[in-house]
Each structure stands twice: as structure tokens, then as C-alpha cells.
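The values are calculated or read from the model by the stated rules, or taken from the named source; none is laboratory data. Since the model is a prediction, treat every value here as computed from it, not as a measurement. No Cβ is skipped: glycine too gets one built from the backbone with ideal geometry, and neighbour counts run over all protein chains shown.
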Amino acid sequence: MVSRDMDITRFTSKGFFIPGLISLVILIGLATLPIYGSLYNVVLVTSILMYIILTVSWVLFSGPTGYMSLATAAFFGVGIYASALFLPTTGAVLPVLVVVLIGGLASSIIALGVGALTLRLRGIYFAIFTFGLVVLIMELLNWWELSVSHLLGRYVMLVDNNVIFYTMLGIFVLIMLTSFFIRRSKFGLAMRSIGENEEAASHIGINVTMVKVITFAISAFFMGATGAIWATKLTYINPHVAFNILFSFMPVLMAIFGGMGQIYGPVIGAAIFAYLQETLQTEFPYYYMLIFGIILVLAILYLPNGLVGLVQNLWKRRPGGQHADT
């Protein structure tokens, strides 16, 4: 009984209650958005959720391990093509949620195979290989469609915007819960040990390859599932649309902008950047990439720890801030 009371006290003293309550309020607000919000708001938030999922999924693997993966576009594109195969405009072969699951599993299986072969590489070699994976899959599919299938692209069945929104929201909740529990598990501790010193982690008995491969596959699952439901919003896809290399770089930049020290850092960074992208693309269609690039450069130069790190530093500088941390 005493141990249970101590666990409850430890849970509340670490500040889980208030962030949990805030998260619940935000989740309720998102879940009821189609009721009180306009169609534009629903579509906008769906796009923001997509970027948040990709960013949090990337951080789930690359954040603690320190491995720079640029394979996000590959797994995202595999999910998109899963919808193209099983949700054609001639009629759905399978239910939408089943196709989302297939997209996630297909990406996860590819990640298991690729990870088992390449996660012994380190540093720039791993980053180059994962980026090459995107180009390889894109060019193979492009060759297959032009030479074998004789197609210039594929049409995907239209799905109601609310269905897309709620599916994306469900994936968002799942990736946040997964990230939360992994960070606070022995598995998460093993990942952080790999990031700090992989040789030392191996010497103390951690199967570093297995940990990296499993985490890589978990993150790929959410990327693929997100791509599968996102494809129904695009309606038309081809290899260059599905495997757009920007989806490999944007999650990295969004995570850096928000900060990877806390679980909510990538969420904040992705949400702000996704909103900026939508706004700038609408207001300045010819200059938005230039403005976007300037913002990115300034963020990297002057926010090395992201927005969350900036807020934490300002909080520590307030009167009594250092005493409050101790």
C-alpha cells in the first residue's frame, strides 16, 4: 500500500498530471473540430497532424540513437502506394482502416530488412544510404509503371475529409502514446545508451543492432500508415509525388526547430512549421520557399536547442528559476 502511494506521489510530483490534463483538453478540442470548425480548418489541421506524425516518428528513432535517417519519404511513399493498390477509384478492394494498417506493416517490414542490413553503418554512411533508399524505390517504381504497367500514375479513391481527419488523429494519438511509453521504458533507456556511447552499450549487454532495428521498424510503421491515409487526400499519385524527397528533410528540420529534448518539442516544431508552410504558400506562392529557407537558417543558427530549449533557458533566467529547478 505504501509503495503504491509512493508511485502515485512520484507520478504527480514529476509533473505528469498537468501536461496530461492539457493534452486531454487539446485532444477533445481536436476530436470535436469537425463539429464547430470549417472544412478549411479540418483540412488544415489534417495536414498539420500529418507533419507532426512524421516528425515524432523520425524523432522516435533518430532522436535517442543519434542515427540520421533520411528514409522518411521511402516509408511514407510505400504507404501511399498501398492506397493506390487497394483503394483504386474503381472501388475499394479493402476497408480504409485495413489499407492504413497494410501501409504501416509494409513500411515496417521494409524497415526491418533495410535496418538489419544497414544499421551497422554509422554517421554519414547511414544517412546517405537511407536517402539513397528513397531514390532507389522511386526510380524502380517509375521504371515499373512506364515499362511494365504502362501507367503514368494511379488514381486513389476519394475519402471523406472527416474520415481522413479522424484516421490521422487516431494515428497521432498512437504515435504519441508509443513515444511516451518507449521513452520511459528500459527499451528507451537502451536507445539513449546507444546514442551516448554505442560501444559501451554493447559491452554492458545491450543488443544494439536488435534495439535499433526494432525502433526503426516501429517508426516506419507510423510513417507508412500516415502515407496510406494521406494518399486518399491526394487522389492522384505517381512515384515522384509519393516519394517526394522533401518528406525526408522536413521532419528533420521540424524536429530541430521544436527541439528534441522533450516529447512535445517535435510536436510544437512540426505544428508551427506546417502552419507556416500552408500560410506562406498561400500568401506568397512565388517566394514562400525562399522565406521558408530563411526561417530555417535562422532557427538552426540561433535556436540550437529548438523552441523548447529557448523557453527552458528563459524560464531558468527568471528570478528564482534556478532554485525552482533544483
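Filtering Ser202, Ser193, Ser179 for residues that are under 20 Å from the mean Cα position of the chain (by Cα) and hydroxyl-bearing (Ser, Thr, Tyr) leaves a single hit, Ser179.
Condition check ((1) modelled with pLDDT of 90 or more; (2) hydroxyl-bearing (Ser, Thr, Tyr)) across all residues:
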position: Leu136; (1), (2): yes, no
position: Glu139; (1), (2): yes, no
position: Gly153; (1), (2): no, no
position: Leu158; (1), (2): no, no
position: Asn162; (1), (2): yes, no
position: Thr167; (1), (2): yes, yes
position: Leu174; (1), (2): yes, no
position: Glu198; (1), (2): no, no
position: Ser202; (1), (2): no, yes
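Of the residues in region 68-86, at least one is aromatic (Phe, Trp, Tyr), in a helix (DSSP H, G or I) and surrounded by fewer than 23 Cβ atoms within 10 Å (Cβ to Cβ). Per the listing Ala200, Ala225, Ala190, the residue uniquely within 30 Å of Ala31 (Cβ to Cβ) and aliphatic (A, V, I, L, M) is Ala225. Here region 245-284 is the region considered, the condition is being of a type in the set (A, V, I, L, M) and part of a loop (DSSP other than H, G, I, E, B), and the residue that is surrounded by the most Cβ atoms within 10 Å (Cβ to Cβ) is Met260. State which residue is farthest from the chain's Cα centre (by Cα) when the search covers only region 287-306 and only residues that are outside any helix (DSSP H, G or I) and surrounded by fewer than 17 Cβ atoms within 10 Å (Cβ to Cβ). Looking at residues that are outside any helix (DSSP H, G or I) and surrounded by fewer than 17 Cβ atoms within 10 Å (Cβ to Cβ), I get Tyr287. Of all residues in region 95-131, those satisfying the criterion of being outside any helix (DSSP H, G or I) and exposed (fewer than 15 other Cβ atoms within 10 Å of the Cβ) are Pro95, Arg120, Leu121, Arg122. All conditions in (1) under 18 Å from Ala73 (Cα atoms); (2) touching a Lys or Arg at 6+ places or on another chain (Cβ under 8 Å) hold for Val159, with the sole exception of (1).
Where helices (runs of 4 or more DSSP H) fall wholly inside region 136-240, the ranges with 1 or more residues that are without any contact (Cβ under 8 Å) to a residue 60 or more places away in the chain, among the aliphatic types (A, V, I, L, M) and within 19 Å of Ala82 (Cβ to Cβ) are 161-183.
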